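The values are calculated or read from the model by the stated rules, or taken from the named source; none is laboratory data. What you are looking at is a predicted structure, and each value in this text was computed from that prediction instead of being measured. A quick note on method: Cβ atoms are made from the backbone with ideal geometry, for glycine too, and the neighbour counts reach across all protein chains shown. The accessibility values were calculated without ligands, DNA or RNA, using every heavy atom of the protein model including side chains. Shrake-Rupley method; radii C 1.70, N 1.55, O 1.52, S 1.80 Å.
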Amino acid sequence: MARKKKTKKKSKLKRLLITLLILIVLFLVLCFITPPDTDNGITADGEIKGLELPRPIDGEQIITHTGYTLSYNEEYELPSYVAYELTKAEVLGGEDREDNFRADNSVRTGSASLDDYRGSGYDRGHMAPAADFKWSAEAMSDTFYLSNMCPQDPSFNRGIWADLEAVVRTMAYDNESVYVVTGPVLTDGPYETIGENKVAVPKRFYKVVLDYTNPDIKAIGFVLPNENSDKSLQSFAMTVDEVEEITGLDFYPALPDEEEAVIESEMSTADWNFTAFMPTGETADPSELDYVAPSSSLKDKVLNTAISVFVDIKGEVFDMLGIREIAETIGLI
């Protein structure tokens with residue numbers, strides 16, 4: 001009877017191993033025969049995937065929260081950039097602001113903490129502003145991660161910076177959709193720091209905005225000092241190329257090269273409405289506000305299934321090979 005059970009167990013293990021092998025082979029085949037999702041970043045319906053994302057920065061962790069993506073700079077404990085698409089429907093969202101400032105556990109090296117800002121004299125300044133994410137309670141909450149914050153002079157954060165954020169909402173409303181990238185300028189140190197984690201206090205902040213809706217495709221950039229200002233927002237406007245030169249970042253690399261060169265080298269304040277956004281009586285279509293996380297490709301699903309199968313059977317594999325004790329010692333099971 002014991003022999004029969006042992007034979008049955010080996011038979012089951014053999015079937016599982018064969019299943020795992022088939023899944024791995026299928027994954028490898030898909031890697032070679034599955035066509036890419038995009039052609040130069042352009043999807044089948046003509047849209048550009050990840051258009052808001054700058055070129056990745058070496059050594060920085062990319063983190064995605066509901067509705068926005070950031071690149072975390074561990075040296076300065078700040079986001080190098082925060083990027084997102086903002087649509088007309090989203091600026092009409094109705095969620096109320098509920099302050100929920102907290103550290104971001106998604107940051108592998110640890111983000112700034114609440115204690116870092118306490119008593120510093122600086123505001124926890126949003127890069128992706130909460131008011132841009134009133135379309136979802138989860139999205140609104142996610143803007144309060146400290147990975148989305150930078151120390152800002154209170155008169156700046158509540159003054160001209162808030163004015164610029166409100167103008168960007170008007171830009172989104174007028175143009176149906178804009179692609180926004182914002183963050184601190186981190187090329188002009190050394191910096192004052194705050195807190196035990198030595199969070200850098202930026203001297204300047206940037207924001208770039210792309211309207212990629214035909215027929216009037218255009219872009220504009222801003223760089224503002226971290227201080228109170230009575231100047232007009234138009235006086236801080238510049239081309240995206242100029243912001244790239246100041247920040248060292250590469251914005252909108254998913255654009256076709258020739259188009260990117262033209263869009264980023266030109267700017268006219270007359271093309272944009274600089275009126276601060278005021279919610280109207282119009283309400284958003286709820287179907288346009290649902291955030292959908294990027295779906296996994298078939299290759300990812302096959303690989304994940306293979307990993308799952310392996311996790312389920314690895315103990316039996318180690319038993320069969322007679323190395324369970326060794327595997328447990330080195331932490332494989």
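Residue-by-condition table, conditions (1) crowded, with 18+ Cβ neighbours inside 10 Å; (2) closer than 18 Å to Ser71 by Cα:
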| residue | (1), (2) |
| --- | --- |
| Asp123 | yes, no |
| His126 | yes, yes |
| Pro129 | yes, yes |
| Ser136 | no, no |
| Pro151 | yes, yes |
| Phe156 | yes, no |
| Gly159 | no, no |
| Ala162 | no, no |
| Val180 | yes, yes |
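Filter segment 213-232 down to the residues that are more than 18 Å from Pro184 (Cβ to Cβ) and either over 24 Å from the mean Cα position of the chain (by Cα) or charged (D, E, K, R) (or both) and list them by number.
Within segment 213-232, Asn214, Pro215, Asp216, Lys218, Asp230, Lys231, Ser232 meet the criteria.
If we scan segment 197-212, do we find a residue that is more than 19 Å from Gly121 (Cβ to Cβ), under 21 Å from the mean Cα position of the chain (by Cα) and acidic (Asp, Glu)? Looking for residues that are more than 19 Å from Gly121 (Cβ to Cβ), under 21 Å from the mean Cα position of the chain (by Cα) and acidic (Asp, Glu), one finds at least one in segment 197-212, hence yes.
Taking each residue of segment 237-256 that is free of Cβ contacts under 8 Å to residues at least 24 places away in the same chain and looking for partners that are open to solvent by less than 30 Å² (accessible area, probe 1.4 Å) and in a loop (DSSP other than H, G, I, E, B) with beta-carbon atoms closer than 8 Å, six or more apart or interchain, yields Glu244/Phe251. If we scan segment 198-217, do we find a residue that is in contact with a helix residue (DSSP H, G or I) (Cβ under 8 Å, 6 or more places away or on another chain), of a type in the set (Phe, Trp, Tyr), closer than 22 Å to Val82 by Cα and not in a loop (DSSP other than H, G, I, E, B)? Looking through segment 198-217, at least one residue is in contact with a helix residue (DSSP H, G or I) (Cβ under 8 Å, 6 or more places away or on another chain), of a type in the set (Phe, Trp, Tyr), closer than 22 Å to Val82 by Cα and not in a loop (DSSP other than H, G, I, E, B). Residue under question is Leu186, and the condition is that it be of a type outside the set (Asp, Glu), farther than 23 Å from Ile160 by Cα, buried (at least 16 other Cβ atoms within 10 Å of the Cβ) and touching a residue at least 24 places away in the same chain (Cβ under 8 Å); does it hold? No, not satisfied.
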